[in-house]
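Undergrad: After the structure tokens below, expect a handful of questions from me.
The values are calculated or read from the model by the stated rules, or taken from the named source; none is laboratory data. On a predicted model such as this, the values are computed, not experimentally measured, just so you know. So basically every Cβ, Gly included, is an ideal-geometry build from the backbone, and we count neighbours across all protein chains shown.
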């Protein structure tokens, strides 16, 4: 696929014609027939470009353009106006309002497609979300097994978290089982919704066997994400029955390979821990739960602290050490691996204050493992980011070599 495009036109014939032509160009298409459905589609899908009609029944294309430009700049979400209105004043107004270009009907498709390709090439891989923005969606109370959410039947709870609950569910449309994450609690207005959308978009951008797949995002009757259902164990449980060090290290190599795919899309997980990694029945590591994911070009602002403290890097507590980024995820992986091999945390502490002090002053006890393996783990959790591995791929390679070297 060349990108997910949104075609907006209240005329069925025009909409279907544009839809068919763009499908042949290799694009994935979402369609909308009015302004409200346009805004809903942008909220629900990882739209990469909008082809927007001007004259629609509920609100004009110009109004929709102005609303979208308050959320996305022209690089983040290109918008092409496509209309039968061909007077210069309207075209100038649309361009001034933030349209990337204006095409009149009947459309010269080859010229339009060339413009679409050009804008998609220029578009950054990472969409910056506005953390202050909210959408008018009501949050219901908790759901129970046997109830229905949209077209999903809830078959049993898989676990609860701070913002809601994950259910095993049956998709009644596609007749498949999914993991359905429901957002039923919002500690701060707008925050949970924004993190919910962040998680969905982060997952949707990554195509890797080690990252849980996202199928659908919805806002009614509650916020939900339908995801790949993983049959297996949490990494923390799987490691309880594995004593062989090379086997343990190979699982962490898989984890790092998945992280490399995540980081290449500009996404930082921010909350890596054994409970956020699954091991499938065939032994594949799967990274999940991107509720705290952030884009690397949009680091967490202010003094907010997110994540599980025992796996967080020093920079998460001390901004003077730098932003939380991909190397912070690598620190978490090192802490997890150390904990598995040693049976205790590398920075022992009874409370958050002691942990912060330990991260600043304590050096972990060396592990009784192969020297190359210990050096790799030690490097991954260096206090200064410049001393850590630069990438997950580099860390994975060091682990791979460590289990090949003599003990």
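Undergrad: With respect to residue 395, determine if the residue is under 17 Å from residue 253 (Cβ atoms), assigned by TED's automatic domain parsing to the domain that holds residue 285 and buried (at least 18 other Cβ atoms within 10 Å of the Cβ).
TA: Yes.
Undergrad: Check every one of the strands (runs of 3 or more DSSP E) wholly within the range 17-92 and list those with 3 or more residues that are farther than 26 Å from residue 215 by Cβ and free of Cβ contacts under 8 Å to residues at least 40 places away in the same chain.
TA: On the way: elements: 28-32, 49-52, 79-83.
Because the criterion is at least 3 residues that are farther than 26 Å from residue 215 by Cβ and free of Cβ contacts under 8 Å to residues at least 40 places away in the same chain, the strands (runs of 3 or more DSSP E) in the range 17-92 that meet it are 79-83.
Undergrad: Check the range 262-279 and report whether any residue there is more than 30 Å from residue 371 (Cβ to Cβ) and modelled with pLDDT of 90 or more.
TA: Within the range 262-279 (the criterion being more than 30 Å from residue 371 (Cβ to Cβ) and modelled with pLDDT of 90 or more), the answer is yes, since at least one residue qualifies.
Undergrad: Could you tell me which of the residues 257, 228 is touching a strand residue (DSSP E or B) at 6+ places or on another chain (Cβ under 9 Å) and farther than 21 Å from residue 176 by Cβ?
TA: Going through 257, 228 in turn, just one is touching a strand residue (DSSP E or B) at 6+ places or on another chain (Cβ under 9 Å) and farther than 21 Å from residue 176 by Cβ: 257.
Undergrad: Let me ask something else about it. Quick check on the range 27-35. Is at least one of its residues within 20 Å of residue 72 (Cβ to Cβ), more than 25 Å from the chain's Cα centre (by Cα) and assigned by TED's automatic domain parsing to the domain that holds residue 104?
TA: Among the residues of the range 27-35, at least one is within 20 Å of residue 72 (Cβ to Cβ), more than 25 Å from the chain's Cα centre (by Cα) and assigned by TED's automatic domain parsing to the domain that holds residue 104, which makes the answer yes.
Undergrad: Identify all residues within the range 243-285 that are part of a loop (DSSP other than H, G, I, E, B) and within 22 Å of residue 323 (Cα to Cα); write none if there are none.
TA: Across the range 243-285, the qualifying residues are 265, 266, 269, 270, 271, 272, 273.
Undergrad: Right, something else. Output the helices (runs of 4 or more DSSP H) that fall wholly within the range 317-393 and possess 2 or more residues being under 24 Å from residue 259 (Cα atoms) and touching a helix residue (DSSP H, G or I) at 6+ places or on another chain (Cβ under 6 Å), or say none.
TA: Filter on the range 317-393 gives 326-342, 371-380.
Undergrad: Sticking with this structure for a sec: Filter the range 136-161 down to residues that are closer than 13 Å to residue 224 by Cα, in a strand (DSSP E or B) and at pLDDT below 90, then give me how many there are.
TA: Within the range 136-161, residues that are closer than 13 Å to residue 224 by Cα, in a strand (DSSP E or B) and at pLDDT below 90 number 2.
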